[in-house]
Amino acid sequence: MNIIVWQVFIIGIILLMIYSLYRVGQSSYSTNKKILFFFMVLFFPLFGSLAFLMMNHNKEK
């Protein structure tokens, strides 16, 4: 049972990372910000994804 929880957690992080990288590519940020967020998501998947999605969410409203 314990291994299933970890597998779901890892798969969730991977899907969140892929979605965030897609959104980084589609965003209207400058090239420098896109590169910064790309590396944040790549090297710190959970923190980088959440930071980008929160910043992008606030910009859209």
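The values are calculated or read from the model by the stated rules, or taken from the named source; none is laboratory data. From a predicted model like this one, the values you see are computed outputs, not experimental measurements. Quick note on the areas: whole protein, heavy atoms, side chains included, nothing else; ligands and nucleic acids left out. Shrake-Rupley method; radii C 1.70, N 1.55, O 1.52, S 1.80 Å.
Does anyone have the angle between helix 2-26 and the longest principal axis of the chain? Alpha-carbon axes, 0 to 90°, nearest 10? That works out to roughly 10 degrees.
Across the chain, the relative contact order, built from alpha-carbon pairs under 8 Å that are at least six residues apart, equals 32 percent.
Axis of helix 31-43 versus longest Cα principal axis of the chain: the two differ by about 10°, to the nearest ten degrees. Would you mind working out the accessible area per residue for the stretch 17-59, using a 1.4 Å probe, and quoting it in Å²? Dividing the accessible area of the stretch 17-59 by its residue count gives 68 Å². For the residues Ser20, Ser28, Ser49, a GNM of the chain with alpha-carbon springs under 10 Å puts the largest fluctuation on Ser28.
Helices in the chain, meaning DSSP H runs of at least 4 residues, each add -39500 (n - 2.57). Divided by all residues, the mean residue ellipticity at 222 nm is -30000 deg cm²/dmol.
Subtracting the Cα-Cα distance of Asn32 and Tyr19 from their residue separation scaled by 0.36 nm leaves 2.7 nm.
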